[in-house]
1. Output the residues belonging to the stretch A:41-52 that are away from DNA strand C (no atom under 12 Å from the Cβ) and surrounded by 19 or more Cβ atoms within 10 Å (Cβ to Cβ).
2. Residues of the stretch A:53-63 being within 13 Å of DNA strand C (Cβ to nearest atom) and out of contact with any strand residue (DSSP E or B) (no Cβ under 7 Å at 6 or more places or on another chain), which ones?
3. Hand me the list of helices (runs of 4 or more DSSP H) wholly inside the stretch A:1-111 holding 3 or more residues that are touching an Asp or Glu at 6+ places or on another chain (Cβ under 9 Å) and within 13 Å of DNA strand D (Cβ to nearest atom).
4. Among the residues of the stretch B:64-83, what is the count of those that are buried (at least 20 other Cβ atoms within 10 Å of the Cβ), farther than 20 Å from A:Asp25 by Cβ and more than 7 Å from DNA strand C (Cβ to nearest atom)?
5. Does A:Glu55 satisfy the condition of being among the acidic types (Asp, Glu), surrounded by 13 or more Cβ atoms within 10 Å (Cβ to Cβ) and touching a Leu at 6+ places or on another chain (Cβ under 6 Å)?
6. Kindly provide the set of residues from the stretch A:67-92 that are hydrophobic (A, V, I, L, M, F, W, C) and at pLDDT 90 or above, ordered by number.
7. Tell me, please, whether a residue that is of a type in the set (Ser, Thr, Tyr) and more than 7 Å from chain A (Cβ to nearest Cβ) can be found in the stretch B:27-42.
8. Pairs, please: C-beta under 8 Å, at least 6 apart or cross-chain, first residue more than 14 Å from chain B (Cβ to nearest Cβ) and under 17 Å from A:Arg106 (Cβ atoms) and in the stretch A:77-91, second within 15 Å of DNA strand C (Cβ to nearest atom) and assigned to a loop (DSSP other than H, G, I, E, B)?
Number of protein chains: 2
Amino acid sequence: MKRKPSTEATAAWIRLMRVQSRVLDAVEQDLKKAGFPPLAWYDALLELSRAPSGEMRPVELEKQMLIPQYSTSRLIDRLVDEGLAVRRECKMDKRGQFVEITEPGRELQKKMWGAYSAAIEKHIGSKLSDADALKLCGLLDRLGCSCGDVKAAAAKEGAPAR
Amino acid sequence: MKRKPSTEATAAWIRLMRVQSRVLDAVEQDLKKAGFPPLAWYDALLELSRAPSGEMRPVELEKQMLIPQYSTSRLIDRLVDEGLAVRRECKMDKRGQFVEITEPGRELQKKMWGAYSAAIEKHIGSKLSDADALKLCGLLDRLGCSCGDVKAAAAKEGAPAR
DNA sequence: TCAAGATTGATGCAGCTGCATTAAGTAAGT
DNA sequence: ACTTACTTAATGCAGCTGCATCAATCTTGA
């Protein structure tokens, strides 16, 4: 008798859930121990720092990070509270606004990349050859959205965008 | 110049985060649309139903599911509130207790497996050959904890245990 | 036997998430 | 110009998570 989801598919599902959870936890813990805020903050700061003149519309940020609207709204709140970004009014569209990264925001992003990249190396890089990492990318890509070109996406700094 | 985490490792990291998130979301949505509770409930009910005489110590459940103690405690609260499990006192150790699955609990677990297995098939099985699923398992296993034998773990019903 | 330490489970608090709704502004058709 | 529909962003509410702590009980070793 043939199973509907094969045992192989089910095993892959279990591993995908467990391993991601363990690796994410490990990386987040490393960042936290180094005294840094959560990864989502890094992602947002990275997107902002990459934007021309360091500012974006919240809607843009939302699309880049693939997180819901309300989540973006509150993340911006927190960044603004900590002085890492500022809200600016948008004169073209009075509903909207711009979010601009501040100098402390840029500095934090750079400092975090040090700890973040070390964590990626520790929990992924050191455990997989480059060739195997590519194989893993290929298999994962078949499961979901294309995440853009392998080489291009990680060209400068990596952002997860959960 | 060599990067500390290679672009390949970074790309794998990004995909691991994104793809897991998308696939989990998709599966959870399918379950929710079918009117079922979250996956964590299923995991707990499955563990309980597998236990001899359908009861376990919370500590056991905690170890099986790999979730923190307080999380287990509250999950049991919710199952008990919904009549899917009952707490029983433990006479050997008066600090402790037993949690026993109820008949409605067993029924729900079985019904959920229908929707759950369909979702795994839809989001994993249909996108990967069995051989590729095994390759994926192998690569993921190198990143983390061993999750037991591929064939054995998914023998009857699959549990993620985030 | 009894004090020190470990184990078991619950809970108050803060933060984050999703859902639904609201408010305000823009765009488009009539 | 005016109604209708869409877009942009914020927010109240409920639920879940992690952290720290607590209370109760068990275990160990002097």
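1. Step one: of the stretch A:41-52, the residues away from DNA strand C (no atom under 12 Å from the Cβ) are A:42, A:45-52.
Those that are away from DNA strand C (no atom under 12 Å from the Cβ) and surrounded by 19 or more Cβ atoms within 10 Å (Cβ to Cβ): A:Tyr42, A:Leu45, A:Leu46, A:Glu47, A:Leu48.
2. Of all residues in the stretch A:53-63, those within 13 Å of DNA strand C (Cβ to nearest atom) come to A:57-59, A:62.
Listed by number, the residues that qualify are A:Val59, A:Glu62.
3. Working: elements: A:7-33, A:39-50, A:58-65, A:69-81.
Those helices (runs of 4 or more DSSP H) span A:58-65, A:69-81.
4. Number of matching residues: 1.
5. Values: among the acidic types (Asp, Glu): yes; surrounded by 13 or more Cβ atoms within 10 Å (Cβ to Cβ): yes; touching a Leu at 6+ places or on another chain (Cβ under 6 Å): no.
When the stated conditions are applied, A:Glu55 does not pass them.
6. A:Ile67, A:Leu75, A:Ile76, A:Leu79, A:Val80, A:Leu84, A:Ala85, A:Val86
7. If we filter the stretch B:27-42 for residues that are of a type in the set (Ser, Thr, Tyr), which is where we start, we get B:42.
With the extra rule that they be more than 7 Å from chain A (Cβ to nearest Cβ), the set shrinks to B:42.
Yes, the stretch B:27-42 contains a residue that is of a type in the set (Ser, Thr, Tyr) and more than 7 Å from chain A (Cβ to nearest Cβ).
8. A:Glu82/A:Pro37
The values are calculated or read from the model by the stated rules, or taken from the named source; none is laboratory data. This one's a predicted model, so the numbers in the text were calculated from it and none came from an experiment. For neighbour counting, all protein chains shown are included, and Cβ atoms are generated from backbone atoms with ideal geometry for every residue, glycine included.
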